[in-house]
């Protein structure tokens with residue numbers, strides 16, 4: 001412990017020197033970094049030693065496992081999404097989108113919503129992509145319809161739903177229709193009530209600029225978006241893990257009796273559990289005590305609103321937007337699941 | 001976030017993913033097996049990004065670095081000053097900084113401070129990876145419902161018959177032919193002590209994507225002392241007669257004849273058949 005305190009002292013001194021050393025020659029900087037990393041390693045050892053007793057609690061371990069699981073599971077999808085977003089910025093000229101999408105935003109919303117089918121992946125990928133679409137001049141309403149529908153109606157998710165609910169194709173159809181309806185309504189709602197000022201001036205990229213390397217633009221945009229969204233992903237994973245561990249699913253079974261409460265509770269469960277959209281059908285299928293409509297609500301709300309998505313959206317579009325948009329999406333998604341579920345299931 | 005920190009972060013994250021998915025089986029504690037190639041590709045990509053960033057920022061012609069930073073248009077002209085020393089990491093709370101950093105500075109080297117959080121999963125995987133979910137989670141969840149089946153093939157003649165927990169529960173509660181009656185079966189899972197402190201369950205946790213969607217199946221074991229929680233065991237036994245066999249009233253339970261410690265399976269988040277070998 002004595003040694004560790006000495007190290008900590010050194011570390012503090014080294015840290016204090018940090019500012020002054022900024023202009024120091026390379027040799028001094030190297031030594032500083034060696035000292036810093038040595039100090040960090042020792043400090044980490046001490047912290048681990050002290051904290052280990054606490055982290056060996058099964059609840060803390062389960063929390064860390066779930067947190068890491070959400071992050072690791074989302075990582076490839078996040079990379080895919082941010083790479084796609086970087087590529088759109090660097091390689092796709094803005095006129096492509098204005099040519100492909102209908103001029104009138106009212107029509108652009110359903111077209112963009114249907115286009116969501118082509119991005120098979122989890123919801124983490126669609127946030128950076130739709131952000132870069134807005135940056136390329138796509139109407140935000142259309143971009144948001146795409147943001148909501150892409151993770152909810154793609155072929156992978158629909159296939160998973162069919163596998164999880166064998167013998168009930170109505171569930172697949174209901175999921176497709178309710179998700180598309182939610183995406184369209186949210187797009188139109190944005191046209192009607194949305195304010196640009198809720199959106200953070202998030203247009204980080206301006207696309208390709210003449211005289212610069214497209215590849216460098218791609219790489220730096222990709223890297224920036226990944227680090228940015230990744231941080232928020234970890235934040236969301238922590239929140240989701242907290243609920244996952246703190247609220248056992250058995251508690252929610254208590255509400256399976258009432259048809260109205262059960263819809264609301266499964267919608268709330270989808271928000272706090274933050275299960276990937278490719279897996280949520282299996283979770284929904286396992287919630288056997290609940291009505292089909294409640295389970296439909298779970299699958300419609302989940303890919304559109306959950307804790308990690310709210311964190312990602314807050315980071316990308318700003319908090320003012322994320323909370324309003326998520327709240328409205330939840331209401332619209334629950335309503336459309338109830339209506340379509342009531343008609344089909 | 002300074003550029004060299006970004007390099008360290010990207011390289012560490014890449015190494016962490018490669019460590020978890022390529023060099024070890026760590027990833028199986030968190031996600032399903034099928035994700036492995038994607039995790040390896042992600043790790044390699046992150047490593048590549050880190051190396052590219054390091055190469056571009058430590059290149060001898062500093063002018064190039066500077067020029068690159070200007071490739072993206074900036075709404076305000078102050079980012080140039082901000083770059084060198086404007087990134088104090090001591091003041092302001094995380095979220096505020098994230099917003100402000102993004103609104104004011106459209107500089108790709110100015111990644112908001114929230115990105116520091118990415119160090120947590122990377123270091124966690126590299127240095128102190130948490131264990132797979134186990135008895136704690138299983139004891140808190142309602143067991144997963146076993147899917148309804150119309151038809152059960154006759155049990156093989158072997159004795160004991162190796163079964164998965166799901167198959168055993170299905171046969172006990174749904175098989176009208178009651179094939180399981182009097183048969184000696186072999187089940188493998190881990191020990192979950194009963195919350196009230198008497199008795200224990202043989203348990204398996206299954207995931208469909210990652211550990212956040214974990215579900216468990218349990219079979220109560222009678223006639224054997226509980227081993228410590230999370231011990232992997234293989235139990236030979238017969239159905240514990242309680243309730244009417246072949247209906248929902250039958251308890252998914254086993255009268256143990258023999259309990260043997262076994263090694264934890266590599267891919268533990270499945271309900272696989274116990275292997276006949278000494279695993």
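The values are calculated or read from the model by the stated rules, or taken from the named source; none is laboratory data. Note that this is a predicted model, so its numbers are computed, not measured. In this analysis, Cβ positions are derived from the backbone assuming ideal geometry, glycine residues included, and neighbour counts consider all displayed protein chains.
A few remarks follow.
- For residue A:314: the one exception among (1) farther than 30 Å from residue B:42 by Cα; (2) assigned to a helix (DSSP H, G or I); (3) within 10 Å of chain B (Cβ to nearest Cβ): (1)
- Boolean, residue A:229 is modelled with pLDDT under 85 and either more than 7 Å from chain B (Cβ to nearest Cβ) or over 15 Å from residue A:310 (Cβ atoms) (or both): yes
- Within the stretch B:205-225, tally of residues that are away from chain A (no Cβ under 14 Å) and touching a helix residue (DSSP H, G or I) at 6+ places or on another chain (Cβ under 6 Å): 1
- Filter pass, residue B:126 being outside any loop (DSSP other than H, G, I, E, B), over 19 Å from residue A:166 (Cβ atoms) and more than 8 Å from chain A (Cβ to nearest Cβ): yes
- Filtering the stretch A:46-72 to residues that are more than 27 Å from residue A:308 (Cβ to Cβ), more than 9 Å from chain B (Cβ to nearest Cβ) and either modelled with pLDDT of 80 or more or exposed (fewer than 13 other Cβ atoms within 10 Å of the Cβ) (or both) leaves A:49, A:50, A:53.
- Within the stretch B:146-157, one or more residues are more than 14 Å from chain A (Cβ to nearest Cβ) and in contact with a strand residue (DSSP E or B) (Cβ under 8 Å, 6 or more places away or on another chain).
- Residue check for residue B:51: buried (at least 19 other Cβ atoms within 10 Å of the Cβ), at pLDDT 90 or above and more than 10 Å from chain A (Cβ to nearest Cβ): no
- Residue pairs meeting the criteria (Cβ under 8 Å; at least 6 apart or on separate chains; first within 11 Å of residue A:79 (Cβ to Cβ), in the stretch A:222-235; second not in a helix (DSSP H, G or I)): A:223/B:108; A:225/A:204
Results for (1) at pLDDT 85 or above; (2) closer than 27 Å to residue B:114 by Cβ, shown as yes or no for each residue.
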site	(1), (2)
A:139	yes, no
A:143	yes, yes
A:148	yes, yes
A:154	no, no
A:167	no, no
A:170	yes, no
A:187	yes, no
A:196	no, yes
A:218	yes, yes
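- Matching option when the condition is surrounded by 15 or more Cβ atoms within 10 Å (Cβ to Cβ) and modelled with pLDDT under 80, among A:15, A:94: A:94
- Those residues of the stretch B:198-222 which are farther than 30 Å from residue A:282 by Cα and modelled with pLDDT under 90, in sequence order: B:198, B:199
- Residue B:133 being facing chain A (nearest Cβ under 8 Å), modelled with pLDDT of 90 or more and within 14 Å of residue A:227 (Cβ to Cβ): no
- Test: residue in the stretch A:198-214 that is free of Cβ contacts under 8 Å to residues at least 24 places away in the same chain and in a helix (DSSP H, G or I): no
- Lone unmet requirement of (1) within 9 Å of another protein chain (Cβ to nearest Cβ); (2) modelled with pLDDT under 80 for residue B:104: (1)
- Tallying residues that are crowded, with 24+ Cβ neighbours inside 10 Å, assigned to a helix (DSSP H, G or I) and either more than 9 Å from chain B (Cβ to nearest Cβ) or modelled with pLDDT of 90 or more (or both) within the stretch A:264-288 yields 4.
So that you can scan it fast, the table gives a plain yes or no per residue for (1) within 9 Å of chain A (Cβ to nearest Cβ); (2) more than 17 Å from residue A:74 (Cβ to Cβ); (3) modelled with pLDDT of 90 or more; (4) touching a strand residue (DSSP E or B) at 6+ places or on another chain (Cβ under 7 Å):
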| position | (1), (2), (3), (4) |
| --- | --- |
| B:3 | no, yes, no, no |
| B:8 | no, yes, yes, no |
| B:23 | no, yes, yes, no |
| B:34 | no, no, no, no |
| B:40 | no, no, yes, no |
| B:82 | no, yes, no, no |
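- Residue A:320 being assigned to a helix (DSSP H, G or I), crowded, with 24+ Cβ neighbours inside 10 Å and in contact (Cβ under 8 Å) with a residue 24 or more places away in the chain: no
- Filtered by the rule that a residue be crowded, with 24+ Cβ neighbours inside 10 Å and over 17 Å from residue A:161 (Cβ atoms), the stretch A:289-304 gives no residues.
- Residue under evaluation residue A:161, criteria (1) in a helix (DSSP H, G or I); (2) farther than 21 Å from residue A:126 by Cα, criterion not met: (2)
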